[in-house]
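Below is one structure, written out as structure tokens, with a few remarks after it.
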Protein chains: 4
Amino acid sequence: MAGNSFGNAFKLTTFGESHGEALGGIIDGCPAGLILDFEAIEAEMQRRKPGQSAIVTQRKEPDSVKFLSGVFEGKTTGTPIGFIIENTNQKSNDYSHIKDVYRPSHADFTYDKKYGIRDYRGGGRSSARETACRVAAGAIAKQLLKDIKITAYVSGVGNLQLDSDYAALDFSEIEKNPVRCPDASLAKQMEAYIKEIRKEGDTVGGRVTCVLQNVPIGLGEPVFDKFHAQLGKAMLSINAVKGIEYGSGFAGTHQKGSEHNDLFNADGSTKTNFSGGVQGGITNGEDIYFTVAFKPVATIMQKQETINAEGELVEMQGKGRHDPCVVPRAVPIVEAMAALVLADFYLLNRLSKI
Amino acid sequence: MAGNSFGNAFKLTTFGESHGEALGGIIDGCPAGLILDFEAIEAEMQRRKPGQSAIVTQRKEPDSVKFLSGVFEGKTTGTPIGFIIENTNQKSNDYSHIKDVYRPSHADFTYDKKYGIRDYRGGGRSSARETACRVAAGAIAKQLLKDIKITAYVSGVGNLQLDSDYAALDFSEIEKNPVRCPDASLAKQMEAYIKEIRKEGDTVGGRVTCVLQNVPIGLGEPVFDKFHAQLGKAMLSINAVKGIEYGSGFAGTHQKGSEHNDLFNADGSTKTNFSGGVQGGITNGEDIYFTVAFKPVATIMQKQETINAEGELVEMQGKGRHDPCVVPRAVPIVEAMAALVLADFYLLNRLSKI
Amino acid sequence: MAGNSFGNAFKLTTFGESHGEALGGIIDGCPAGLILDFEAIEAEMQRRKPGQSAIVTQRKEPDSVKFLSGVFEGKTTGTPIGFIIENTNQKSNDYSHIKDVYRPSHADFTYDKKYGIRDYRGGGRSSARETACRVAAGAIAKQLLKDIKITAYVSGVGNLQLDSDYAALDFSEIEKNPVRCPDASLAKQMEAYIKEIRKEGDTVGGRVTCVLQNVPIGLGEPVFDKFHAQLGKAMLSINAVKGIEYGSGFAGTHQKGSEHNDLFNADGSTKTNFSGGVQGGITNGEDIYFTVAFKPVATIMQKQETINAEGELVEMQGKGRHDPCVVPRAVPIVEAMAALVLADFYLLNRLSKI
Amino acid sequence: MAGNSFGNAFKLTTFGESHGEALGGIIDGCPAGLILDFEAIEAEMQRRKPGQSAIVTQRKEPDSVKFLSGVFEGKTTGTPIGFIIENTNQKSNDYSHIKDVYRPSHADFTYDKKYGIRDYRGGGRSSARETACRVAAGAIAKQLLKDIKITAYVSGVGNLQLDSDYAALDFSEIEKNPVRCPDASLAKQMEAYIKEIRKEGDTVGGRVTCVLQNVPIGLGEPVFDKFHAQLGKAMLSINAVKGIEYGSGFAGTHQKGSEHNDLFNADGSTKTNFSGGVQGGITNGEDIYFTVAFKPVATIMQKQETINAEGELVEMQGKGRHDPCVVPRAVPIVEAMAALVLADFYLLNRLSKI
């Protein structure tokens, strides 16, 4: 109810501020008997962590996960998996300048109004640092889902758009460049553009596309917890996300039914996939694909006029080490949230029939 | 968990199939002491009901709501509000032809696979008829929210797009035309186009835009239950929805932070509103606006090849009375779901401070 | 959250006041493919209904259940099962005399203080009539649980106590007498005593014992949702219940560990069963047995002094037709709630292992 | 759903095994602005911790709580409060002897059957060590509830019973003796008896009574989440609890309505309090009192025959340092769970009226 849990059968609850002693979470509902690959979990953490390349924030955080419970002799026991991620690089002084200032397009103002108090150090709870817990939990969900393939990639940075269909792309290229765009030459342009943006002390928005393959038929719980409704909530809960479309999405609003309907093959698969792998809120075995819109990061290194808690107009300028464009690091976060949604519905589907 | 409930503090649970005896629902958590305006509830039902104009399905359903509990002497009592909506016009024979057939881009196939059984009459639970219960509950939520103004309208039908900013529109025009588009001349074109589409025995997609005004500051529960995340789930749970964007949405991915940031006025309001009224998942007092994408209705009156439960290829053709374009009737549904999200967060916000 | 739902995987939500048009509920999560025996459901309703014998209230209510959804061609479809029970015998005038009066040991005072309004007709939502919905849902849960045997009986009326161990009793006797006590001769005394109490215009308390047999090993979710914790909540949620003990219960507090420990047989069964079929919150395959304490019904036919809403002392006397002792009719309610707890954990247990 | 969360508005989720690196929890929903008294929290931990007196286990655990989030400059921020309690004294070798053995009346057998794996070190998740997290969270709940007075005490050890009414007791005596019995002379006998029991290598059961005073009118959510139903679940979820009765409890089953009804005074208070402070599931402002039954601790220092995972009969004997009687240390746990129930309903009650 207070909003820090996600999922039902496979449920993640997180805690932690960007500058507290540690962040962490509890996974409640991971079935017993899962052999955990801790290196795979660490690898996911590395994909999200700051300082991994020249185009992301240079903040240094090891971001390694310490598991405290729910695992015995390498296997999950069916009891809650508690974990923490220590904040080793807090630099609270970096934030003294915003103690009394509401940064434009940040959560400073809304948290203060809602709670009457806020942890102003680095955005506190509203910091994207919280997503580290999601990536840790998502990495475990991925291991539960073995055969399901979850692949996210950058499909847009500002005006540089990747428009080709996902099927035409070489996914093996994604992790080969710091932008995580499967088109190598476009990736180079994006990288150059992001560096230029940073030089300007500015930031830019972008898009992440994600494809879920080998998803079993039957996942999703109509009517309110439709597969794509819960998936949409998961994506919109990620910092800076302003929209999601799956399957034909907004382009589908221009189509006619005679064009959009996905006709069946005799084996139950479909000849086209405008539906994006979901019918009536339930997965149909086709690929699920969706695109997520990220606004530009609000913290810029240029002077901006803003107000303080007293409502006085003041001038401020971003400090510290921030991402000029969030999408490269958002890729593993999008995958993690998709994995959490899949794991939850994968388990819930065991309850569908007598 | 089985997915038929929405909300926490103001919680709606629905039941019912399109061709059962009745649909209905329970609202649990409506506070005591609310004087209900039953005519206003009926008015919302009329906005959604079939047969209301020449461009929607001609099915005849009175769709009137019978309240069974939770109201005494005209006021809510704090106990659950149970209600039913009878199915007076079932015509099950209309559906005998699809008993064993999986209609393309319908939920027939996925329900059968998930549950091993389906009520094939008119789509059963997957029918959009279920949204009648949402409109009834949303109408009560609207009355709880008094001062908040919820306005949805059609902003696109196929290629006919309304691109002007919502602030430039005359909302009083919306209910004056059957399309529910605030631009009277565009509405005429849309109406003509929908009639033409129906003549072709085809259907077409469209968009609905919604604006929430006078929303109190502080609604929304970070981090997973952000205001716009829950709103997105609500919209994506509506039949035929393929995407949602709020505030700057997908266009915002092309912007720079220096353009996108909403600078404050001294009073805490903002000079621009690219954020769409939400910061860090919490409402900031500015208008909340979003657009929802609807795919074309899957039932068309043209011959299509499909398969039956035995996996044999068969030819089928839609029968009965269906909407050529769903967006005119979707307007009150979008408003209802927005009202449910607002009512829930409005109540939950009472728990934020000691 | 507003408290009208019970269960997670097999979830019942109820609505309705004793004197509204109807009561009803929604079962969300009943798996698809269950063939429903409607006569068996009606039979359970008959066991609870008023007027069934000379020692219960003579109110006449058919209490038959009308199912509105979730069932197709005699089978559950996996969609929510909505049902209503009409109030055919409302006699609201019976209650005019308590419109402004707070009856002693009733919920009149607390509802008024909590909600600022109450439906004074027959206790409104606080009436035990609400349990009719539980019996209807429990009857479906029983059908899902096939092999599990749920047997409740009256083990005490006032000072007339049945002290023999359940294993020594002849359960086939229970439904042969109106008290539902398996000891025929004690049943006769109880029956006579209840009639005497009614002559006095008084009421008396009693006990119901329940035994769950053939329960699979592994039901229950530690640590907060232990099998017996959820069972205890279920029982304490029944009107007039003041206590529950299971297994050795309060007597066990006098024992030593060397006496109380249940030693294993080689096959994993235990030589004794002081634990009452649950270890660490999880069923161990032994019989689960527990006893529920019911206070005397608050409505008596004698003059009592009480207060009205203005805080004035007034004299009142019960009218209408009430139970002199609630336990005979409580037997099917205890069974129904036990069935709901079992059904929920039975389904949740499918999530324990990968 | 997996059972490791308690509460709705004020929600505790716990993790941790007795011999993992740490236990901990997350409190989600503690309102912002509460000034935390950390010494008071530590004081509660000390009341529960092992080794505090000669009659409890001599295991040494500092049991101090480390808070990781949700608190800033001494005040709660409205974000989740994460905390851990390190296991400093694990001595896993103490448990090698039970690696393959199912201890009688322990959860070894049921966990193994449910999950197919168990952490055999000290009972793992089923260890009462988990209750340390409840005490930590309960201590915060107590601070939220300021004016409400929560007092638990030992009312029985084996056959030594404290029968006087709580109103006749001197609560200031409770913490003056290691048994936590408010009757000094009975406490001495209990203490002597517990020492004797330990000499025998045996254990004994007991009772804890708890009184809640100055509880506001209106707490509790009918019909399933009645105040006392949720309270009963809370108590039954504590290790070794076999029963609960509140108000007149089991004795009330012998009473007549004319004796049991609590008549009102003009001010709305009642002349008697057989109802135990709750009417229709809602608090009425009178004292709430209840008694909890604890079975004897299962681990005894005497030889017992039992079985191993292979179903072979083997002989075992308890080792290590265990409580001969659990009730003295259970007192703060009962208070903590009562505080969690009160805090949850205290917040939820803000949602009752418009």
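Restricting D:Ile217, D:Ile244 to those that are β-branched (Val, Ile, Thr) and open to solvent by 10 Å² or more (accessible area, probe 1.4 Å) reduces the list to D:Ile217.
Conditions (1) part of a loop (DSSP other than H, G, I, E, B); (2) of a type in the set (A, V, I, L, M); (3) open to solvent by less than 10 Å² (accessible area, probe 1.4 Å); (4) within 30 Å of A:Gly232 (Cα to Cα), marked per residue:
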site	(1), (2), (3), (4)
A:Ile300	yes, yes, yes, yes
A:Thr306	no, no, yes, no
A:Glu310	yes, no, no, no
A:Glu315	no, no, no, no
A:Pro324	yes, no, yes, yes
A:Pro328	no, no, yes, yes
A:Pro332	no, no, yes, yes
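Residues in the stretch B:251-273 that are within 7 Å of chain A (Cβ to nearest Cβ), open to solvent by 20 Å² or more (accessible area, probe 1.4 Å) and either outside any loop (DSSP other than H, G, I, E, B) or closer than 16 Å to A:Val241 by Cβ (or both): B:His254, B:Gln255, B:Lys256, B:Ser258. Once the stretch A:76-92 is narrowed to residues that are out of contact with any helix residue (DSSP H, G or I) (no Cβ under 7 Å at 6 or more places or on another chain) and farther than 30 Å from C:Ser352 by Cβ, the residue that is modelled with the lowest pLDDT is A:Lys91.
Take the residues in the stretch D:282-297 that are surrounded by fewer than 24 Cβ atoms within 10 Å (Cβ to Cβ) and in a loop (DSSP other than H, G, I, E, B), then tell me which one is farthest from the other protein chains (Cβ to nearest Cβ). The qualifying residue farthest from the other protein chains (Cβ to nearest Cβ) is D:Asp287.
Test C:Ala32 against the stated conditions and say whether it is touching a helix residue (DSSP H, G or I) at 6+ places or on another chain (Cβ under 8 Å) and either more than 9 Å from chain B (Cβ to nearest Cβ) or not hydrophobic (A, V, I, L, M, F, W, C) (or both).
Values: touching a helix residue (DSSP H, G or I) at 6+ places or on another chain (Cβ under 8 Å): yes; either more than 9 Å from chain B (Cβ to nearest Cβ) or not hydrophobic (A, V, I, L, M, F, W, C) (or both): no.
Considered against the rule, which asks whether it is touching a helix residue (DSSP H, G or I) at 6+ places or on another chain (Cβ under 8 Å) and either more than 9 Å from chain B (Cβ to nearest Cβ) or not hydrophobic (A, V, I, L, M, F, W, C) (or both), C:Ala32 comes out as no.
What residue, among those in the stretch A:93-119 that are open to solvent by 20 Å² or more (accessible area, probe 1.4 Å) and part of a helix (DSSP H, G or I), is modelled with the lowest pLDDT? This residue is A:Asn93. Here A:Val179, A:Val135 are screened, and the one residue that is open to solvent by less than 20 Å² (accessible area, probe 1.4 Å), modelled with pLDDT of 95 or more, touching a strand residue (DSSP E or B) at 6+ places or on another chain (Cβ under 7 Å) and of a type in the set (A, V, I, L, M, F, W, C) is A:Val179. With respect to being open to solvent by 20 Å² or more (accessible area, probe 1.4 Å), touching a residue at least 60 places away in the same chain (Cβ under 8 Å) and either in a loop (DSSP other than H, G, I, E, B) or closer than 25 Å to B:Gly25 by Cβ (or both), B:Asp147 fits the description. Here C:Tyr166 meets the list (1) crowded, with 19+ Cβ neighbours inside 10 Å; (2) touching a residue at least 60 places away in the same chain (Cβ under 8 Å); (3) not β-branched (Val, Ile, Thr) almost entirely, failing just condition (1). In the set (1) closer than 22 Å to B:Leu162 by Cα; (2) assigned to a helix (DSSP H, G or I); (3) in contact with a helix residue (DSSP H, G or I) (Cβ under 6 Å, 6 or more places away or on another chain); (4) not charged (D, E, K, R), B:Gln230 fails one condition alone, (1).
Condition check for A:Ile307 on (1) more than 18 Å from B:Asp262 (Cβ to Cβ); (2) at the interface with another protein chain (Cβ under 10 Å from one of its Cβ atoms); (3) hydrophobic (A, V, I, L, M, F, W, C): one failure, at (1).
Of everything in the stretch B:53-75, what is modelled with pLDDT of 90 or more and either under 17 Å from the mean Cα position of the chain (by Cα) or farther than 25 Å from B:Asn8 by Cα (or both)? Give them in sequence order. Step through it out loud before you land on a result.
Restricting attention to the stretch B:53-75, the residues satisfying the condition of being modelled with pLDDT of 90 or more are B:64-75.
Selection gives B:Ser64, B:Glu73.
Among the residues that make up the stretch D:196-205, is at least one of them assigned to a strand (DSSP E or B) and closer than 27 Å to D:Ile26 by Cβ? There is no residue in the stretch D:196-205 that is assigned to a strand (DSSP E or B) and closer than 27 Å to D:Ile26 by Cβ. Using the structure shown, decide if A:Asp112 is of a type outside the set (S, T, N, Q), within 19 Å of B:Leu351 (Cα to Cα) and more than 8 Å from every other protein chain (Cβ to nearest Cβ). Criteria met by A:Asp112. If you filter the stretch B:2-12 down to residues that are facing chain A (nearest Cβ under 9 Å) and touching a strand residue (DSSP E or B) at 6+ places or on another chain (Cβ under 7 Å), you find that the one that is nearest to C:Phe15 (Cα to Cα) is B:Leu12.
For the stretch A:209-222, the criterion of a residue being outside any loop (DSSP other than H, G, I, E, B) and closer than 19 Å to B:Gly247 by Cβ is satisfied by no position.
For A:Val204, are the conditions met, namely being of a type in the set (Val, Ile, Thr), at negative phi, facing chain B (nearest Cβ under 10 Å) and under 18 Å from the mean Cα position of the chain (by Cα)? Taking the combined requirement at face value, the residue satisfies it.
Which residue is nearest to C:Ala339 (Cα to Cα), if the candidates are limited to the stretch C:120-150 and must be among the basic types (Lys, Arg) and more than 10 Å from chain D (Cβ to nearest Cβ)? Working first, answer last.
Kept after step one, since they are among the basic types (Lys, Arg), are these residues of the stretch C:120-150: C:121, C:125, C:129, C:134, C:142, C:146, C:149.
With the extra rule that they be more than 10 Å from chain D (Cβ to nearest Cβ), the set shrinks to C:121, C:129, C:142, C:146, C:149.
Numbers: C:Arg121: 30, C:Arg129: 19, C:Lys142: 6, C:Lys146: 11, C:Lys149: 10 Å.
Among those that are among the basic types (Lys, Arg) and more than 10 Å from chain D (Cβ to nearest Cβ), it is C:Lys142.
Do we find a residue being on the phi > 0 side of the Ramachandran plot and at pLDDT 95 or above anywhere in the stretch A:161-171? Break it down into steps so the answer makes sense when it comes.
Let us first name the residues in the stretch A:161-171 that are on the phi > 0 side of the Ramachandran plot, namely none.
Within the stretch A:161-171 (the criterion being on the phi > 0 side of the Ramachandran plot and at pLDDT 95 or above), the answer is no, since none of the residues qualifies.
Pairing residues of the stretch B:313-330 that are at positive phi with residues that are open to solvent by 10 Å² or more (accessible area, probe 1.4 Å), at Cβ distances under 9 Å and at least 6 apart in sequence or on separate chains, gives B:Gly320/B:Arg59; B:Gly320/B:Lys91; B:Gly320/B:Asp94; B:Gly320/B:Tyr95; B:Gly320/B:Gly122; B:Gly320/B:Thr299.
Being in a helix (DSSP H, G or I), closer than 29 Å to B:Ile244 by Cα and within 9 Å of another protein chain (Cβ to nearest Cβ) is the requirement here; does B:Leu342 meet it? Judged against the criteria, B:Leu342 is not a match.
Taking every residue in the stretch B:54-75 that is under 24 Å from C:Gly24 (Cα atoms) and facing chain C (nearest Cβ under 8 Å) and pairing it with any residue that is open to solvent by 30 Å² or more (accessible area, probe 1.4 Å) and hydroxyl-bearing (Ser, Thr, Tyr), at least 6 positions away or on another chain, the pairs with Cβ-Cβ distances below 9 Å are B:Phe72/C:Tyr120.
The values are calculated or read from the model by the stated rules, or taken from the named source; none is laboratory data. Note that the structure is predicted; figures quoted are calculated from it, not measured. Cβ atoms come from the backbone with ideal geometry, glycine included; neighbour counts cover every protein chain shown. Side chains included, ligands, DNA and RNA excluded: accessible areas come from the protein's heavy atoms. Shrake-Rupley method; radii C 1.70, N 1.55, O 1.52, S 1.80 Å.
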